[in-house]
Structure formats: C-alpha cells, structure tokens
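A.B. asks: Here it is, the structure, as structure tokens.
The values are calculated or read from the model by the stated rules, or taken from the named source; none is laboratory data. The structure presented is a predicted model; accordingly, all values stated were derived computationally and were not measured. Methodologically, a virtual Cβ is constructed for each residue, glycine included, from the backbone with ideal geometry; neighbour enumeration extends over all protein chains shown.
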Amino acid sequence: MNKLSKTQQIEQRILQVIKEKKPENVKELLTFLQGELQISENELLKVIMKLQNDGKITFQKQLSTPQNFLAYLKTEKTYWYWLTITIAIITAAIVFTIPEDFHPWVYVRNVLGAIFVLWLPGYTFIKALFPAEVPIKTSKESLDTIERIALSLGMSLALVPIVGLLLNYTPWGIRLIPIVLSLFAVVIIFSTAALAREYQLAKQKLKPQQEP
C-alpha cells in the first residue's frame, strides 16, 4: 500500500508540474521533478509512460518525429539541409564550368560564390554546434535568427582563412579547385553533423501535455 501511495503521489506531482510549469519536453519535465523527488530518472520515466498509457497525458509532436534517420531525411524539417547541399553542388558546378568573363552568367557565379564562401561554412558550423538555439538568450525568435546570421557570417570569415592556411601546406596549394573542393567538403561534413544532432534533439522534444 505504501508503494502504491507513493506512486500515486508522484503521478499527482507530475500532473501538477505539467499544468503549472508547462515543460517544453520530457527532459525539462525530468529536470523539474528530479530536484524535489528522490527517485531515479528511469523510475520517473516509467511513471510518465504509465500516465501516457492511462491517457492522463499526451506528447505533442510524438507522431511527427520519425523513428529512424532515413525517414527523418524525408520530412520538411530537413529542407534546410537539402537546400544547403543543393546550393553547394550548384555553386561548385558553376564555378568549374562558367569562365570569369562569360557575361551575364558571371554575375550568377559571383553571387553563388559569395554565398558559398561567406555564408555556408559558418552557417553549417553554427548549426552543428547549436542545432536548436544559439547560446545567447533572447526573448524573441526573430532575435535568435539575427544572432544566428551574425554568427554564421563571422564564423565563415574565420573558417575560410583557416582552410586556405591548411591548403598552403599541401601539394595542391591555394588554388581555385582545391579551395572550392575543400569548402564543399566542409559544408557537407558540418551540415550532415548538424542534421544528425537535430534528429537526436527532435526525438527528445516530445512535449508533455495533460489531458483535459
């Protein structure tokens, strides 16, 4: 009877925390509860899953996150990844095929080249480090976007010279083809790492909600 009473108390406390603090995900709910309940994380998860099975709470977005990585690649959440890869491929192809004096296509070459050098390396690097949000706390989502843009530009200006410096000590040297291929590899590696981290976070972001 004591064990049953304790479980019921934990269930009531979980429902109370969900109602009052409205945690964004299960991880945040566990953080709220572990500070006051002297039970392990696994035991808490068992009680939370029991509440779900009993129909007392639901998880928002539970069905929107695929259970495997390949299925996740087909969701709308990965549009940024495919757009980034597409821009990188098109830019590399145009740089290698369009001469510098071929007007007016040279303007397309220059615009895509600027995006490829000044934006994509830093954007994918920041995305890999902070797939959910940048470490600077803001009260508005638009400010988070502005900060991500600023950090991406700044990081690109830092990464591109480093790539050039490393190429200087290789047999290929600082030439057009090695630079483009190196930056292309950087973009692919960082964007894929960012996608993998984003998928892991998406699996955790099941927002608990008390049933009415």
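A.B. asks: Could you please let me know if Ile98 is free of Cβ contacts under 8 Å to residues at least 40 places away in the same chain, closer than 18 Å to Ile149 by Cβ and of a type in the set (Val, Ile, Thr)?
C.D. replies: No.
A.B. asks: Looking at segment 111-170, which of the residues that are of a type in the set (Gly, Ala, Ser) and in a loop (DSSP other than H, G, I, E, B) is modelled with the highest pLDDT?
C.D. replies: Among them, the one singled out is Ala132.
A.B. asks: Let me ask you something else. If I filter segment 67-74 for residues that are at pLDDT 80 or above, assigned by TED's automatic domain parsing to the domain that holds Ser191, more than 21 Å from the chain's Cα centre (by Cα) and not in a helix (DSSP H, G or I), do I get at least one hit?
C.D. replies: So far as segment 67-74 goes, no, none of its residues is at pLDDT 80 or above, assigned by TED's automatic domain parsing to the domain that holds Ser191, more than 21 Å from the chain's Cα centre (by Cα) and not in a helix (DSSP H, G or I).
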